[in-house]
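The values are calculated or read from the model by the stated rules, or taken from the named source; none is laboratory data. As the structure is a computational prediction, the values presented were derived from the model and not from experiment. All Cβ positions, glycine included, derive from the backbone under ideal geometry; neighbour counts span all protein chains shown. Heads up: the accessible areas ignore ligands, DNA and RNA and are worked out on the full protein's heavy atoms, side chains in. Shrake-Rupley method; radii C 1.70, N 1.55, O 1.52, S 1.80 Å.
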Amino acid sequence: METVENGDSSTQASVQGITVHDFSEKILEQLVHFHVMKLSGGFFLWIGSGPVLSNLAVSIGSKYDSTPLSTLVLGDTSDTTPSALAQRLTKKTKKQVFVSYNLPMTNSNLALLVEDRIKKEMELHPDKF
Amino acid sequence: MAPQPVIRSRQMEKAINGIPTQVVCTEFSNYIFIVLTQYGKIGTLVSITPDTRSGDISVPMFTTKVLLGKDEPLTHVYAKNVTTFVSQESGNRPVLLGLSLKDNSAATMKTVKDMIKGCQVW
């Protein structure tokens, strides 16, 4: 048995092992943390400034529609930010995406910049998603 | 340069009866998130919540709910079996469990529990 502390565990020998990737960025004077768990055929992405998990959305591509299917499985359903973000990330990656968005939902400008930061990380480290 | 990650996670991989099995535990302030898989996926997502009640009975009760995936009785039994100790040890935090196993035998469950213990983040 081998345990790996978090950080970049991609070096662990495994064919399709789960890998974890963390990064942070100061966006609009706020330090935003990102935590990505790469899974087989998808990934889990947590976004927040503190270690809270207040919602979880999931999205998958649809055979019948170019728009991916998305739903909130945990949290307040009146907040559409997590499921909308998951949907757009599925559209971009064609993968199953789990998103937990733990920043103020009222700031749509922040959400936009956060999304840009995720896309930038995807370009920098495509193997982590 | 890069700040320390705000959330902690630990993972482990082990072959059980020849099947590669992975456990990833992630700590949040209000949840412990555990991925338990032989497919590399989250699979069925279950929440395990301790019931908040001020009783004099020391045995806590847990509510399990399938948030995503097939809602089978065995899923609830399995989820309770492998995660109640996590909730108890982490100050009665609810647990979010991603469960996707090829082998649901009792013997495997015991090994899997040991793996979760080995990935303690709480």
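Step by step: first the residues of region B:1-30, then only those that are crowded, with 19+ Cβ neighbours inside 10 Å and hydroxyl-bearing (S, T, Y), then the one that is farthest from B:G43 (Cα to Cα). Which residue is that? Looking at the filtered set, the residue picked out is B:S9. Restricting attention to region B:73-89, the residues that are open to solvent by 10 Å² or more (accessible area, probe 1.4 Å) and touching a residue at least 12 places away in the same chain (Cβ under 8 Å) add up to 9. Applying the criterion of being part of a strand (DSSP E or B) and open to solvent by 50 Å² or more (accessible area, probe 1.4 Å) to the residues of region A:38-83, the residue that is farthest from A:K94 (Cα to Cα) is A:T71.
A count restricted to region B:73-116 and to residues that are closer than 22 Å to A:S40 by Cβ and in a loop (DSSP other than H, G, I, E, B) stands at 4. Residues being more than 9 Å from chain B (Cβ to nearest Cβ), within 13 Å of the chain's Cα centre (by Cα), surrounded by 22 or more Cβ atoms within 10 Å (Cβ to Cβ) and at pLDDT 95 or above are entirely absent from region A:25-37. When restricted to residues that are in contact with a helix residue (DSSP H, G or I) (Cβ under 9 Å, 6 or more places away or on another chain) and of a type in the set (G, A, S), region B:58-105 contains 1.
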